[in-house]
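For reference, the structure discussed in these notes is given below.
Where a number appears in this text, it was derived from the coordinates with a stated rule and is not lab data. Remember, it's a predicted structure, so these values are computed and weren't measured experimentally. In this analysis, Cβ positions are derived from the backbone assuming ideal geometry, glycine residues included, and neighbour counts consider all displayed protein chains.
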Amino acid sequence: MPKTKATDPGSPRAPRSRAVTSPPERPFWQAKALAEMSPVEWESLCDGCGRCCMLKIEDEDTGEVHLTRLSCKLLDLGSCRCKDYPNRHAEVPDCLKLDLAKVQSLAWLPHTCAYRALSEGRDLAWWHPLVSGDPETVHQAGISVREWATPESPAKLRSMERYLIVDWEEMDQV
Ligand code: SF4
Ligand code: SF4
């Protein structure tokens with residue numbers, strides 16, 4: 001009968017080599033709070049939907065703000081980006097500079113807006129260019145204003161109510 005040799009349970013064993021893989025790095029919008037983002041990261045969060053560049057009507061009685069289908073004169077309706085973003089305030093003095101406080105307080109900021117989504121603890125959607133890697137997906141998913149916005153004009157401004165977005169709630173739940 002072959003002899004068996006008991007191994008010492010307490011004896012050290014040579015370590016087995018094993019490939020150590022580090023966990024995948026989380027994208028900055030998941031790893032950081034909005035308040036911690038660099039200016040470049042902050043700007044890159046804008047998905048280019050153009051929704052916040054629609055003209056708005058404020059109800060004098062309730063203070064409620066409603067968006068219209070009329071687009072700001074600086075909005076390029078092809079790309080849904082501002083035609084002169086760095087100098088926009090020279091031509092459109094009331095254009096807002098979004099910051100964290102405004103993101104948290106502006107009720108009219110679209111539900112789909114990346115800043116609003118992150119401030120509410122939601123992640124970016126699949127169609128966001130940072131997720132898809134393609135600036136066209138925000139248009140393909142029907143999030144941008146490309147298909148339905150119309151440029152402002154003096155004549156249209158005289159009858160702005162005609163351009164109110166009445167089914168915004170439905171559009172907002174995309
Ligand atoms: S609604 Fe938000 S994501 Fe869309 S253009 Fe405005 S800031 Fe950018
Ligand atoms: S000035 Fe540019 S960023 Fe401001 S509302 Fe008009 S298109 Fe949008």
Using 0.36 nm per residue of separation minus the Cα-Cα distance, give me the extension gain between Lys97 and Arg26 in nm, one decimal. 22.8 nm
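Please report, in debye to the nearest 20, how large the charge dipole of the range 32-172 is about its Cα centre when each Lys and Arg carries +1 at its beta carbon and each Asp and Glu carries -1 there. Walk me through the numbers on the way to the answer.
Working: 16 positive and 25 negative charges, 89 e Å.
In total the dipole reaches around 420 debye.
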Given a cut-off of 20 Å, what percent of all Cα-Cα pairs of the range 32-172 lie beyond it? 48
Please compute the length gained on full extension between Val166 and Glu147, using 0.36 nm multiplied by the number of residues separating them and subtracting their Cα-Cα distance. 5.2 nm
